[in-house]
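Reviewing the structure listed below.
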Amino acid sequence: MPATIVVGTQWGDEGKGRFTDLLAKEMSVVVRYQGGHNAGHTLVVDGQTFALQLVPSGVLYDSITPVIGNGVVVDPRVLIAEIDMLTARGVDTSRLMISGNAHLIMPYHTELDALHERHLGDAKLGTTKRGIGPAYADKAMRVGLRVQDLADPKLFRQKLAVVLSHTNEVLTKVFDRPAVDAEAVAAEYLDECAPRVLPLIGDTVGVLHDALEMGENVLLEGAQATFLDLDHGTYPFVTSSNPVAGGACVGAGIGPRQINRVIGVAKAYVTRVGSGPFPTELFDSTADHLVDVGKEYGVNTRRRRRPGWFDAVMVRHAVRVNSLSEVAITKLDVLDALDAVRVCVAYQVGDQRLVNLPQSRLDTVQPIYVELPGWKTDISGVTKLGELPAAAVEYLDFLEDQIGVPIRLVGVGAAREQYLDRLEEDR
Ligand code: GDP
Ligand code: IMO
Ligand code: MG
């Protein structure tokens, strides 16, 4: 039975968490399939705000099994803190399951992330400094430690010694930093973290397939986004995993034939946090307006997000690489007060007009815009398509026409119920 993927179509923070939470109602399993606590997924339910980093955004429903898949990199200290935070706020996390194959983010990964960034100077990537890149690098180098290694202290120490024999050379000789004390790391991870994390390990692939075989719905929740994808994003200004829909197959343990719905989430404009090209970026008073009204600051890092107009070239590309069946738009309400709104429909490069994303040098393209009238109406209370001002309807119709797949869900506010479904006239 059907699996659905929720994937970001821009540079992250599109509102994947809020729509994952909404869709989770119909699901029996919700799986995070890549990334780590570089993600910040916000849910606003009954006036309470939850900022999730590792725990899947379906956790608020008692009916689902939240799963951290094999493709995720897990800092166990962060995971434990998040579970404690949720428990303290009355959320039942007892069904949370984690793949033993997921890799661990170790303290030296976090340190290396910051050191690499400093080393890059002006060429820095603007990472979240959470150790994501170094953890995936160790995974690719096949010297990473996995969640299941917490169960075998002897093996854990052996593996730690192997990776530190190299990492300590780098820390001391390249970065002039003290060597990592293997025993201190082992003590923290084995004595403090393991007792909390080991009971969560389960057969995540099995749970997913059992649910599918019983005809239940499963949801695969992406973190980051298409243009932060290691392969399909604006390399090198990307994350170190594959947020695209294909990454969901790898990171959860499912084949493409079982996926029948791929929902791309797009903001009604664009934001990006960290370095890298951004064709429709704004620097004027509209930029400040979008940041203020949209509260465009990182959920966890508190960094100001860079804002810009909706870029249909990007989302069209996201439709292709993810085989999106539909797009969900968020934050339409943030555009409420604008006199006019713009959409980038193509790029100008020299005398060429490109409607498809070029393979290289996104920093050299000039956006070609179409301007549409603003609606100058507060739409944050609208839950029916018929109540939406004509100009807002026109904007959505224009976006749909540009991106070539249906736009179904539209967010008009951060709260769970602040959305409309364009397929349901009355909900
Ligand atoms: P994610 O990383 O894709 O899950 O998105 P984030 O949670 O990082 O960022 C999205 C932000 O926008 C959060 O603060 C959400 O509460 C908020 N948000 C989501 N949808 C809407 C919407 O339709 N309108 C408004 N105003 N805020 C929204
Ligand atoms: P969610 O899931 C927005 C960005 C960082 C940086 C680049 C690499 O909330 O949408 P990393 O720490 O991953 O090595 O940083 O990716 N980045 C995000 N931007 N939302 C995210 O997650 C992000 N996760 C990473 O800012 O530019
Ligand atoms: Mg986010």
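Quick note: the coordinates plus some simple rules give every number you see, no bench work behind them. Fair warning: this is a prediction, and the values are worked out from it, not measured in the lab. Neighbour counts are summed over all protein chains in view; Cβ atoms, including those assigned to glycine, are modelled from backbone coordinates with ideal geometry.
Assorted remarks:
- Peptides 107-114, 247-254 ordered by packing proxy, namely the average of other Cβ atoms within 10 Å per residue, highest first: 247-254, 107-114.
- Alpha-carbon gyration tensor eigenvalues x 5, square-rooted, for region 369-412, Å: 18, 14, 7
- Over the chain, DSSP H runs of length four or greater, each weighted -39,500 (n - 2.57), average out per residue to a 222 nm ellipticity of -8500 deg cm²/dmol.
- With the Kirkwood sum run over all distinct C-alpha pairs, region 175-284 has a hydrodynamic radius of 18.0 Å.
- Three semi-axes describe the equivalent ellipsoid of region 286-427; taken as square roots of 5 times the Cα gyration tensor eigenvalues and ordered largest first, they are 26, 19, 16 Å.
- Packing-based ranking of 96-105, 134-143 yields 96-105, 134-143, ordered from highest to lowest mean Cβ neighbour count within 10 Å.
- Nearest-ten-degree value, helix 204-213 long axis tilted from longest Cα axis of the chain: 50 degrees
- Cross-link pairs exceeding 31 Å between alpha carbons, from the set K25/K376; K16/K376; K25/K129; K124/K376; K173/K295; K139/K295: K25/K376; K25/K129; K124/K376; K173/K295; K139/K295.
- With the Kirkwood sum run over all distinct C-alpha pairs, region 1-127 has a hydrodynamic radius of 15.7 Å.
- Around the Cα centre of the chain, unit charges on the Cβ atoms of Lys, Arg, Asp and Glu (plus for the first two, minus for the last two) sum to a dipole of about 860 debye.
- When you count the other C-beta atoms within 10 angstrom of each residue and take the mean per peptide, 25-38, 144-157 line up highest first as 25-38, 144-157.
- Cα pair distances exceeding 29 angstrom across the chain, given as percent: 45 percent
- Alpha carbon centroid spacing (whole Å) that separates region 361-424 from region 116-177: 43 Å
- Dipole axis of the chain (+1 Lys, Arg; -1 Asp, Glu on Cβ), positive-most option in V293, Y269, P389: Y269
- Beta bridges by DSSP in the chain, antiparallel share as percent, to the nearest 5: 40 percent
- Kirkwood Rh (inverse of mean 1/r, distinct Cα pairs), region 64-211, angstrom: 16.3 Å
- Counting only alpha carbon atoms, the long axis of helix 153-169 and the longest principal axis of the chain meet at about 70°.
- Among the GluC sites (Glu not before Pro) found in region 377-427, those both in a DSSP coil and sparsely packed, with 10 or fewer other Cβ atoms within 10 Å of their Cβ, are E425.
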